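S.K.: Can you keep this structure in mind? I'll have questions shortly.
FYI, it's all coordinate maths here, none of it is from the lab. Just so it is clear, the structure is predicted and the values come from calculations on it, not from any experiment. As a convention, Cβ positions derive from the backbone with ideal geometry for all residues, glycine included, and neighbour counts pool all protein chains shown.
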Amino acid sequence: MHAPRNRAYKGTELLLSAVERARAHADLELDLVEGVTHAEAVARKRLSRAMERLRRSIVASRKKTLDASLGAIVESVESFCGDAEIRDDISILGIEATPR
């Protein structure tokens, strides 16, 4: 994520150029946040970090059974929330594929 107030000061053009070159060699994502309020930018950053934690949890549980993988993901979410009440339902769809 890159959220510049001043593109020149933050080196945004240099960063965008480097990201484009790197994309030729790797799957790379950059979230450029511009034209939003500070509160919106902070919310996007929090969401981005939460999604990365979830992705790491999924990758870490890939070699487990489906039930164990889903349980590990739920544990990760609950651990992140700590003592805070989860105010919404948690839905997870697990798909188990068997190699041919």
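S.K.: List the lysines whose Cα lies under 28 Å from the Cα of Lys10, skipping any in the same chain that are fewer than 8 positions away.
M.R.: Lys45
S.K.: Give the long-range amide H neighbours of Leu32: residues separated by 5 or more places, or on another chain, with amide H under 5 Å away, using H modelled in the peptide plane at 1.01 Å from N.
M.R.: Those qualifying (amide H under 5 Å, at least 5 residues apart or on another chain) are His2.
S.K.: What percent does the relative contact order of the chain come to when contacts are Cα pairs within less than 8 Å and at least six residues apart? Walk me through the numbers before you get to the answer.
M.R.: Working: 43 pairs, mean separation 21.6, N = 100.
For the chain, the relative contact order is 22 percent.
S.K.: Apply the a/c threshold of 1.5 to the C-alpha gyration tensor of the stretch 23-62 and tell me whether it is rounded, prolate or oblate. Working shown, then result.
M.R.: Numbers: a/c = 6.70, a/b = 1.41, b/c = 4.75.
Oblate.
S.K.: Just to check I understand the Karplus step: with θ = phi - 60° and J = 6.51 cos²θ - 1.76 cosθ + 1.60, what whole-Hz values come out for the stretch 17-34, glycine and proline as x?
M.R.: In residue order, the calculated couplings are 5, 5, 5, 4, 5, 5, 5, 5, 10, 7, 7, 10, 10, 10, 9, 8, 10, 9 Hz.
S.K.: Is it possible to state the helix-based mean residue ellipticity at 222 nm for the chain, with each DSSP H run of 4+ residues giving -39500 (n - 2.57), the sum divided by total residues, to the nearest 500 deg cm²/dmol? What is it?
M.R.: After summing the helix terms and dividing by residue count, I get -17500 deg cm²/dmol.
S.K.: Note the full-extension length gain between Val36 and Val59 as 0.36 nm times their separation in residues minus their Cα-Cα distance, in nm to one decimal.
M.R.: 5.1 nm
S.K.: If each of Arg87 and Leu28 carries a label point 7 Å out from its Cα toward its Cβ, how far apart are those two points in nm?
M.R.: If labels sit at Arg87 and Leu28, their model points lie 3.9 nm apart.
S.K.: A further question on this structure: When the C-alpha atoms of the stretch 1-84 are aligned to their principal axes, what extent does each axis show, in angstrom, from largest down?
M.R.: The Cα atoms of the stretch 1-84 stretch 49, 36, 14 Å along the principal axes, largest first.
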